[in-house]
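Trainee: After the structure tokens below, expect a handful of questions from me.
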Amino acid sequence: MLRRSSWNLWVCGLAGLLMASGSALACDSKDNKMKTTEFGFIYKVVGGSDKVEAKKAPGSKDTVFTLDLLAPYYVICEEDQFYKVTDLQAETAKEAETGKVGYVLKDQVHPWPTREALNFSLVAFNGERSEIVAWDNEDTLAKFLETGNHKVAPPAFKEDLASTLKRERATRPYPVLSSETKMMLKSREKRVYHVLLPAALPPEAKVVITPDKPTQEAEKKALDTVMRSATFCIVFDSTASMGPFAKDVAADIKATFDALPADIAKNSTVGFVFYRDEMDEEKVVITNPMPVEAAMKALTEAAKYMSGGGDPPEPVLDAVYVGHHFFKWNEGQGGGRRIMLVVLSDDAKVPTTGKIHDGVPPGLEAAKIAEDLLADGIKTIAVQAGPGDGGKLTQTLTTLAETTGGTFVEWGSGGDERRKKVTQAVANQLTAARKETDEEGRKTMAKVEFDYRGYPTIPLAVLDGEKLNRMRVSGVKFNIDPGKGGVLINEGYILENQDLLDPQISIDKKTLDGLIHLFQVLGAAGVDTQAMKESAASALSAIAGEGYDPKETIEVTIRKRLGINFRTKLLDFNLEFLAGMNQNERLAMTKRIQERATILSQFMEANLEQFNKAPAVWMPVSQLP
């Protein structure tokens, strides 16, 4: 057995081997607060289409419910690439769990960072008007504001008027992400709403690639890399008995990859997770992906330093978790297909122990780890690298392989020649997976067309979930057109039009109570300045919580903490400003504020019954200052 320093020298020599650590996030607590935005109000999202399904668990195939079109869902917490959402607006996760709850992928929803929305006025429902139009690009919108000419700056979206007429008014608003006032034809002010809205769709389902700087050759090259490349993560038992097996595996893999066409081998990278037992000094080492030839040299060199062990059950599930979550898949050939090779001798420790890497949660069974691999499109080839099976090796490796659509290579029976047969079988499995990846990639690329504003599109029929996941992992930006009968939600810009649109905010009773109290305090006449400041500070603190900053204007505090934009500058001051006002200025201000307090109070009284039935109601923005 070599000393620890020998292993360390080899690790340093590779230069790419880094220990990784971290902690997995989980939505475990039922009593924690709901997830809030950086400004303090409850974080909510909107489905990216009418086809978004909330699942029972992250990566699960079990659908709990389908998100309603343009309806808000409130985020309880986040777990990796998923949000846990509910249809109930609640203060605590425990309360939110009583509603419809499920997990959605973050990239399938849009954040809704305000309480504002555009509802249609009554004229919108007479069926005798033109569709509302929207722009998807600020530069094009700016041209329209300058010229007023639809031909010079055509809108990207047109409202589906038939769909609008079928929707219940006030239940399907267009969520407002932000708004600001701009000049139209350099002569009059127009408010521009940045909104989420349903887009018109062509009949055939397609994936539309939308890069920041579209050039056809660059796009096609990037897609070709994603579709045809492959990254292998070899999770290798590196205890003392595995040295000879490692050298044979390296030789056979190199030989089979050398026999592949040059472009296939070039688009392949291999990296490692070397693991030992929890009692060994060096427990796990991770390398970055590298070209096949360099990787096989690294494996041959690593075989010289394999040592330790002695406790037959090895923490293979911990090592697989490390490979899944901490191996740098994206540093391969731009992502591409992800394939894991798991090599184990003797027996498996089940479940995970959390003792070879700080980022591995203890207690995970093989089925859970395999399901997570499947959800991320990682196929697993599992290898029994010796004749021993302490009772859990075969079952564990079979679960990993079969659940993910991979293969279990068993040791079988035989003498010394068996090792050579197994290593050859491993090499054959890897090259078969590589050939399959390239063949499927070529077929997919043959379907790419540049027929949508010069962007490439791919029929959804040739892109399964695994290929779509590859594109996400590789950072390829795209939208999915769900096809005939589907509705896709896009971001767009709508100009203020009082004949058609009625801006509203979703407001709960607690928030409205807080605003009424604040307005009543600021509108109190005959109160000395210091007393008013103290009362107003208390009211603002109740609204803003720990995030209250007395240096901010009241308007900014309300916008940041409640997601509400006021129409005027009535509250565009901080409390220190009160000290500098003379009596006439204060009287003029308090009169206007009193008027607004009365309007808010009247709205509360008129909607008490509705407030008692629902957590929030829609209030016309005209009720605000």
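The values are calculated or read from the model by the stated rules, or taken from the named source; none is laboratory data. This one's a predicted model, so the numbers in the text were calculated from it and none came from an experiment. Cβ sites come from the backbone with ideal geometry, for glycine too, and all protein chains shown count toward neighbours.
Trainee: Which ones in the range 63-77 are modelled with pLDDT of 90 or more and of a type in the set (D, E, K, R)? Before the answer, list the steps.
Mentor: To start, the set of residues in the range 63-77 that are modelled with pLDDT of 90 or more comprises 63-67, 72-77.
Those that are modelled with pLDDT of 90 or more and of a type in the set (D, E, K, R): none in the range 63-77.
Trainee: Right, something else. Considering only the range 572-620, how many residues are modelled with pLDDT of 85 or more and closer than 21 Å to Lys510 by Cα?
Mentor: Going through the range 572-620 one residue at a time, the tally reaches 24.
Trainee: Keeping to the range 475-487, report how many residues are under 22 Å from Asp107 (Cβ atoms) and at pLDDT below 75.
Mentor: Residues that pass the stated criteria total 7.
Trainee: Sort out which residues of the range 335-359 are touching a strand residue (DSSP E or B) at 6+ places or on another chain (Cβ under 9 Å) and farther than 18 Å from Gln384 by Cα, and write them in order of number.
Mentor: Gly335, Gly336, Arg337, Arg338, Ile356, His357
Trainee: Related question: Find the residue count for the range 544-569, including only residues that are at pLDDT below 80, closer than 23 Å to Glu595 by Cα and within 26 Å of the chain's Cα centre (by Cα).
Mentor: Result for the range 544-569: 0.
Trainee: So Phe327 fits all but one of (1) modelled with pLDDT of 90 or more; (2) more than 20 Å from Leu393 (Cα to Cα); (3) touching a helix residue (DSSP H, G or I) at 6+ places or on another chain (Cβ under 7 Å); what number is the exception?
Mentor: Against the list (1) modelled with pLDDT of 90 or more; (2) more than 20 Å from Leu393 (Cα to Cα); (3) touching a helix residue (DSSP H, G or I) at 6+ places or on another chain (Cβ under 7 Å), Phe327 comes up short only on (3).
Trainee: Would you please name the residue that is farthest from the chain's Cα centre (by Cα), looking only at residues in the range 278-298 that are in a loop (DSSP other than H, G, I, E, B) and either within 22 Å of Lys254 (Cα to Cα) or not acidic (Asp, Glu) (or both)?
Mentor: Met279
Trainee: Considering only residues that are more than 19 Å from Thr431 (Cα to Cα) and modelled with pLDDT of 90 or more, which ones fall in the range 243-280?
Mentor: Hits for the range 243-280 are Val273, Phe274, Tyr275.
Trainee: Take the residues in the range 259-305 that are of a type in the set (Ser, Thr, Tyr) and in contact with a Phe, Trp or Tyr (Cβ under 6 Å, 6 or more places away or on another chain); name whichever of them is nearest to Gly441 (Cα to Cα).
Mentor: Once the filter is applied, the top-ranked residue is Thr287.
Trainee: Taking the residues in the range 366-408 that are assigned to a helix (DSSP H, G or I), among the acidic types (Asp, Glu) and touching a residue at least 40 places away in the same chain (Cβ under 8 Å) as candidates, determine which candidate is surrounded by the most Cβ atoms within 10 Å (Cβ to Cβ).
Mentor: Initially, the range 366-408 is screened for residues assigned to a helix (DSSP H, G or I), giving 366-375, 393-403.
If we keep only those that are among the acidic types (Asp, Glu) too, we end up with 371-372, 402.
Next cut, touching a residue at least 40 places away in the same chain (Cβ under 8 Å) only: 371-372.
Details: Glu371: 18, Asp372: 21.
It comes out as Asp372.
Trainee: Which numbered condition trips up Ala432, out of (1) at pLDDT 85 or above; (2) closer than 30 Å to Glu585 by Cα?
Mentor: (2)
Trainee: Which residues, counting only those in the range 496-525, are surrounded by fewer than 20 Cβ atoms within 10 Å (Cβ to Cβ) and either modelled with pLDDT of 85 or more or aliphatic (A, V, I, L, M) (or both)?
Mentor: Across the range 496-525, the qualifying residues are Leu500, Asp508, Lys509, Lys510, Asp513, Gly514, Ile516, His517, Gln520, Ala524, Ala525.
Trainee: If you don't mind, there's one more thing I want to ask. Among the residues of the range 142-186, write down those that are on the phi > 0 side of the Ramachandran plot, modelled with pLDDT under 85 and in contact with a strand residue (DSSP E or B) (Cβ under 9 Å, 6 or more places away or on another chain).
Mentor: Result: Ala170, single match.
Trainee: Take the conditions in a helix (DSSP H, G or I) and surrounded by 14 or more Cβ atoms within 10 Å (Cβ to Cβ) and apply them to Met619. Does it pass?
Mentor: no
Trainee: Here is a list: Met306, Met290, Met279, Met242. Which entry is closer than 23 Å to Leu397 by Cα and either surrounded by fewer than 20 Cβ atoms within 10 Å (Cβ to Cβ) or of a type in the set (S, T, N, Q) (or both)?
Mentor: Matching residue, one of Met306, Met290, Met279, Met242: Met279.
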